[in-house]
Structures are given as structure tokens and as C-alpha cells.
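J.: The structure under discussion is supplied below as C-alpha cells; questions concerning it will follow.
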Amino acid sequence: MSQQFAAAASQLSWVSPSELHSVEDLWTKYKNALDSAAREVLGPRTSVKKPWISQAALSIIEQTRIAMQRGDLEEYRRLAGPGRRSLRHDKQQWADQIASSGEAHLLCGEIKDAFAKFRQLRQKRSTVSAPLMSADGTLLSDSASVMARWQDHFTTLLNRPLLSPRSTLLSEATASRPDPLLDTFPPTLIETHKAANKVKAGKAPGSCMEALQL
């Protein structure tokens, strides 16, 4: 790819610096030449959000955009129909390819890969936020008021005053005796080794801040 770009750039016609009036003109000519070579070798940049759009549809979209900038409404209306039909055709082809690939994964027993393919065909759901009320029942609309309300809510929820236990609970705790059948001794080395082998690798460390690999 780099060799093709170098060959395309070398074939471009350059203007000598003496024919240009300023450094800006020289840089503009140099930038346009490299951009033309890149477009010739790489082609237009594909859309990340809509990878199913073909180069033919992108060309029609570009022509439609140019016609709109010129103010040519007749050309814009003439290209609008083919542009929509091309986009629908490209999206249908992309969906058929994804479905065929997912079906092939299913036939091979690759459930995870098939599910990943089929997830690409699902429709994006828009997140709808529920209305939020203030403490006095007023509907909050701006984001700053919503954030302040959530802050007050969690501050009240997580900072409740400590309550002293009831006397009956204290008396029962004092009168209770440890069960001799319950093992309260520290775990042995063998028990610790068995428990560590049951833990999956790559888990986050616990309160001791020591990873399982150690």
C-alpha cells in the first residue's frame, strides 16, 4: 500500500516554488497533491457507524451534497431517489451477508461467533430517561438540577444516623454461646490451596490487595 501511494504521488504534476506567490500557496498545492494520491490509492474513507455503505452510494451522496451547495434543486431532487435506493440496497446486502455468516457459524457449532454476528443486526434502542422530581415534587428538566437531586438522594441514603440496637437484641447476644459444632479455627494451608484453585484467573484482588497469581 505504501509503495502504491509513493508511486501515485510521484506521478502527480508539481508546481515549482517560483511560480507560487507565498508559502501558503506551496503548502496548499502540496496538500492537495497528497490528498489526491491518497484518494486514488485508498479510496474514500468508509463510515464507522454505517460500514455497509458502498462506494457507489458515497459517490451519489457526494454529488447530492455538491448540488445542494450550488443551489441546484433539480439536480438534488434527481439524485435523491437513486441515493436512497442505493442505500437500501447496500444495507440489505450487508444484512444478508451477516445473516449468512451467522448461519455458517451455527452449522459449525460456533455459538459465540454466531451470536456476535446476529447482534450486529439488532436495531439500536434509544435510551429514554425517566422524569425526575425534586424533593418538593417539581419536575426537573436541566441536567444540573438532575445531578444535584441525585447527589442529595445518595447523600441522604448513605449517610443515615446510627441507631443503637434494641435492649432485647443486646441481651440475647450477651446470653448466646458459640456453637461447638461450628469450626471457627483459621483455614489450613490445604484448605486455602483448594479454595485458590477454584477461583478463576484474572480476577481483581480482594481487600488484601494481593492477586491470585501471587
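J.: Would you tally the net charge around His89, using a Cβ to Cβ cut-off of less than 15 Å, leaving His89 out, and scoring K and R as +1, D and E as -1?
T.: Spelling it out: positives minus negatives among the neighbours equals +3.
J.: Related question: For a quick check: sort Glu24, Glu103 by the number of other beta carbons within 10 angstrom, fewest at the front. Before the final figure, lay out the partial values.
T.: Numbers: Glu24 9, Glu103 13.
The order, fewest Cβ neighbours first, is Glu24, Glu103.
J.: Then there is this: Gain in length, Met147 to Leu163, computed as 0.36 nm per residue apart minus the alpha-carbon separation, to one decimal in nm? Numbers along the way, then the final one.
T.: Numbers: separation 16, 0.36 × 16 = 5.76 nm, distance 2.92 nm.
Here the segment from Met147 to Leu163 would lengthen by 2.8 nm.
J.: Given R₀ = 25 Å, what would the calculated FRET efficiency be for Asp113 paired with Ala56, taking r from the Cβ atoms and rounding to 0.05? Mind showing how you got there, number by number?
T.: Working: r = 30 Å, r/R0 = 1.20.
Calculated value: 0.25.
J.: Sticking with this one: Given Lys112/Lys200; Lys117/Lys198; Lys29/Lys91; Lys117/Lys194, which pairs have Cα atoms separated by over 31 Å? Intermediate results must be reported in sequence, preceding the final value.
T.: On the way: Lys112/Lys200 20 Å; Lys117/Lys198 33 Å; Lys29/Lys91 38 Å; Lys117/Lys194 39 Å.
Listed pairs above 31 Å: Lys117/Lys198; Lys29/Lys91; Lys117/Lys194.
Quick note: the coordinates plus some simple rules give every number you see, no bench work behind them. Bear in mind that the values here come from a model prediction, so they are computed numbers and not experimental data. Reconstructed Cβ throughout: ideal geometry from the backbone, glycine too, with neighbour counts over all protein chains shown.
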